[in-house]
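Student: Shown below is the structure under consideration.
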Amino acid sequence: QGPGHAAPFEDEHRALLVRQHALHQALLTTLRQDGLGLALQYQPLVALDDGRLVGCEALLRWHHPQHGPVSPAEFIPVAEGGGLMEALGRWVLQQAVAQLAAWRRRGATGWYLAVNVSRVQLLDPSLPALVRETLQYHHVPPGALCLEITESQPLDDPATRAALQRLRELGVRLALDDFGTGYSSLSALTELPLHAVKIDRRFVDGIENCPYRQALVDSVVRLAGVIGLNVVAEGIETAAQAERLRALGCQHVQGWHISRALDAHVFAEHWLPRATRAAARHDAPGCPA
Ligand code: C2E
Ligand code: MG
Ligand code: MG
Ligand code: MG
């Protein structure tokens, strides 16, 4: 545990290491089998003013024959620590963009798909080329893709900043995920080339009765307004939370109050018609916005 600190090796540590090793091996096999057992679910992002679909977030699911369903909160760190995150991230990006392309061919344009990108991927110099080639292959315009980056470590080092800048130059959107947790600071919002900031669920939970959380959201919304960032609140579970966020000027929301993350065909059935209608309205000549 670092210089001058020691802790006895307990059985629970052993159990954790055994589990992580087993998941690492299983993930390796899964990736060698072209992602057999992996799937993406899609959670809608909607505008608070009129409920229109503005985007959706792709969330990775893993169902392993022996381990059963494993949460991304558990296997993403295993992939990151075990050298598998680039391959896993590539699988996610290719699946997600292929799905988006299929939906766009059905007329559902005018909204974006968000994909989570781990810091390991962000620091991989081949990421911008992968993103560009994947979009070109599927004929998807870069503005229809948003990459979500979590500030689990400070993002203000030169390498990260350069990586974000290269992605921005491709024309993809960039969102800062889980804002308010980890190292996120207000200065990151002004200094990084972002399009959106996602306020973490922990500030939405109980916001109706908590002046402190309200003040935090209020200040993020105000600052974002000055810099021209979109504000998305994550983890909305009740109408009261949505109402409070609307009053605070938050534009977009995502959460179980709107919808859980859905399998692709369920998402397409319930949500694509709304995107398709919105796109048709937008394209109609002489139609008021
Ligand atoms: P995230 O990117 O912040 O995603 C939002 C998480 O909140 C998701 O958990 C989602 O299912 C959950 N959520 C959404 N609405 C609600 C709500 O109203 N209430 C509650 N209690 N939870 C809600 P999930 O799917 O378990 O993913 C956890 C995290 O794992 C994600 O957090 C993201 O950091 C990571 N992750 C998921 N998929 C990927 C991926 O493809 N690549 C990478 N690098 N990370 C991923
Ligand atoms: Mg996310
Ligand atoms: Mg988040
Ligand atoms: Mg999160």
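Student: Separation of the range 5-64 and the range 91-117 by C-alpha centroid, Å?
Tutor: Centre-to-centre (Cα) distance: 20 Å.
Student: Next question, about the same structure. Could you tell me how many degrees, from 0 to 90 and to the nearest 10, lie between the Cα long axis of helix 158-170 and the main elongation axis, the longest principal axis, of the Cα atoms of the chain?
Tutor: Once rounded, one gets 40 degrees.
Student: Hey, what angle do you get for helix 11-32 against the long axis of the chain, alpha-carbon based, 0 to 90 degrees rounded to 10?
Tutor: The helix 11-32 is inclined about 60 degrees to the chain.
Student: Determine the shape class of the range 100-253: with a ≥ b ≥ c the square roots of the Cα gyration tensor eigenvalues, call it rounded for a/c under 1.5, and otherwise prolate if a/b is greater than b/c, oblate otherwise.
Tutor: oblate
Student: To continue, here is another question. Mind giving me the nanometre distance, one decimal, between the label points for His5 and Asp49, set 7 Å out from Cα along Cα→Cβ?
Tutor: Going from the His5 label point to the Asp49 one covers 4.9 nm.
Student: With each run of n ≥ 4 DSSP H residues scored as -39500 (n - 2.57), what mean residue ellipticity at 222 nm is computed for the chain after dividing by its residue count and rounding to the nearest 500 deg cm²/dmol? Mind dumping the intermediate values first?
Tutor: Details: 11 runs with 137 residues, N = 289.
Estimated from H runs of four or more residues: -15000 deg cm²/dmol.
Student: Moving on. Between beta-carbons, use under 10 Å as the cut-off and find the net charge around Gln214, counting Lys and Arg +1, Asp and Glu -1. Spell out each step's value before the answer.
Tutor: Details: positive: Arg213, Arg244; negative: Glu208, Asp218.
Counting the neighbours of Gln214, the net charge comes to 0.
Student: What is the range 52-181 by shape, rounded, prolate or oblate, if you read a ≥ b ≥ c off the alpha carbon gyration tensor as root eigenvalues and call it rounded for a/c under 1.5, prolate for a/b larger than b/c, and oblate otherwise? Can you show the working numbers first?
Tutor: Details: a/c = 1.58, a/b = 1.11, b/c = 1.42.
Oblate.
Student: Let me ask something else about it. Got a number for carbon plus sulfur as a percent of the range 1-150's accessible area, 1.4 Å probe?
Tutor: Working: 4050 of 7540 Å².
Here carbon and sulfur together make up 54 percent of the probe-accessible area.
Student: How big is the dipole moment of the chain about its Cα centre under a simple scheme where the beta carbon of each Lys and Arg is +1, that of each Asp and Glu is -1, and everything else is neutral? Debye, nearest 20, please.
Tutor: On the way: 26 positive and 30 negative charges, 178 e Å.
I would put it at about 860 debye.
Student: Additional query: Using a 10 Å cut-off on Cβ atoms, rank the peptides 262-274, 104-116 from the highest mean neighbour count down. Please list the in-between numbers first.
Tutor: On the way: 262-274: 15.6, 104-116: 19.9.
Result, highest mean Cβ count within 10 Å first: 104-116, 262-274.
Student: Related question: In degrees, nearest 10, range 0 to 90: what is the angle between the Cα axis of helix 264-283 and the longest Cα principal axis of the chain?
Tutor: It works out to around 30 degrees.
Student: Continuing with this model, one more query. Can you tally the net charge around Gln99? Count Lys and Arg as +1, Asp and Glu as -1, for every other residue whose Cβ sits under 13 Å from the Cβ of Gln99. Mind dumping the intermediate values first?
Tutor: Working: positive: Arg104, Arg105, Arg106; negative: Glu57, Asp263.
Local charge sum for Gln99: +1.
The values are calculated or read from the model by the stated rules, or taken from the named source; none is laboratory data. Since this is a predicted model, take the numbers as computed values, not measurements. Because the Cβ atoms are built from the backbone with ideal geometry, glycine has one as well, and the counts that use them run over all protein chains shown. Accessible surface areas use protein heavy atoms only, side chains included; no ligands, DNA or RNA. Shrake-Rupley method; radii C 1.70, N 1.55, O 1.52, S 1.80 Å.
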